[in-house]
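Participant: The following block contains the structure, expressed as C-alpha cells.
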Amino acid sequence: QVQLVESGGGLVQAGGSLRLSCAASESIFSLNYMGWFRQAPGKERELVARISISGSKYYADSVKGRFPISRDNAKRTMYLQMDSLKPEDTAVYYCAAGWNVNGPRYWGQGTQVTVSS
C-alpha cells in the first residue's frame, strides 16, 4: 500500500504561483501514472494533470500552459508547479497514483489551494 502525502498548498493572490509536492512512502518506479486531481466546492473532482512512468503528460484544458507536472523517481516525489493562478483554481488538490481500469488506486489526503482576486 503506497501512502501519498501532499504539501505546498496555501493562500495566494491571483497571478501568483505555488508548487505542490506529493511524496510517496515507497518507490514510485512501478507506478504507471501519477497525477493531480482537484475538487472545488459544489463541483466534481476533476483530473488536472497526469504523468506516466515514461514521462508523457496530460493536462486539462483549463490548466494547460500554466501547471507543468513533473516527477522525480529517485526522490519518490511528484510536483505540480502552479503559475498564473486564477480564483477559479481554488480547490482541494489531491495527489493520486497507480492507475488501473477503475482509476487511481492510491490517494493523498488533499491540500487546500485558495486564490484570492
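Participant: Go through (1) at pLDDT 95 or above; (2) surrounded by fewer than 14 Cβ atoms within 10 Å (Cβ to Cβ) one by one and return the number of the condition SER30 breaks.
Facilitator: Only one criterion in (1) at pLDDT 95 or above; (2) surrounded by fewer than 14 Cβ atoms within 10 Å (Cβ to Cβ) is unmet by SER30, namely (1).
Participant: Can you pull out every residue in region 6-22 that is assigned to a strand (DSSP E or B), under 11 Å from the mean Cα position of the chain (by Cα) and not charged (D, E, K, R)?
Facilitator: Hits for region 6-22 are SER7, LEU20, SER21, CYS22.
This table checks each residue for (1) acidic (Asp, Glu); (2) open to solvent by 20 Å² or more (accessible area, probe 1.4 Å); (3) in contact with a Phe, Trp or Tyr (Cβ under 8 Å, 6 or more places away or on another chain); (4) within 16 Å of VAL113 (Cβ to Cβ).
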site	(1), (2), (3), (4)
VAL2	no, no, yes, no
GLY8	no, yes, no, yes
GLY15	no, yes, no, yes
TRP36	no, no, yes, yes
LEU47	no, yes, yes, yes
ILE51	no, no, yes, no
LYS57	no, yes, no, no
PRO87	no, yes, no, yes
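Participant: Could you please tell me which pairs satisfy a Cβ distance under 9 Å, a separation of 6+ or placement on different chains, a first residue in region 62-81 that is within 16 Å of LEU47 (Cβ to Cβ), and a second residue that is in a helix (DSSP H, G or I)?
Facilitator: Listed pairs, sorted by first residue: SER62/GLU88; SER62/ASP89; VAL63/ASP89; ARG66/ASP89; PHE67/ASP89.
Participant: Something else: Take ARG71 and decide whether it is out of contact with any Lys or Arg (no Cβ under 9 Å at 6 or more places or on another chain) and either over 19 Å from SER117 (Cα atoms) or among the small types (Gly, Ala, Ser) (or both).
Facilitator: So ARG71 passes the test.
Participant: Do we have TYR106 as surrounded by 17 or more Cβ atoms within 10 Å (Cβ to Cβ) and assigned to a strand (DSSP E or B) here?
Facilitator: The answer is yes for TYR106.
The values are calculated or read from the model by the stated rules, or taken from the named source; none is laboratory data. The structure presented is a predicted model; accordingly, all values stated were derived computationally and were not measured. Here Cβ is always computed from backbone atoms with ideal geometry, including for glycine, and neighbour counts include all displayed protein chains. Note: areas computed on protein heavy atoms with side chains; ligands, DNA, RNA excluded. Shrake-Rupley method; radii C 1.70, N 1.55, O 1.52, S 1.80 Å.
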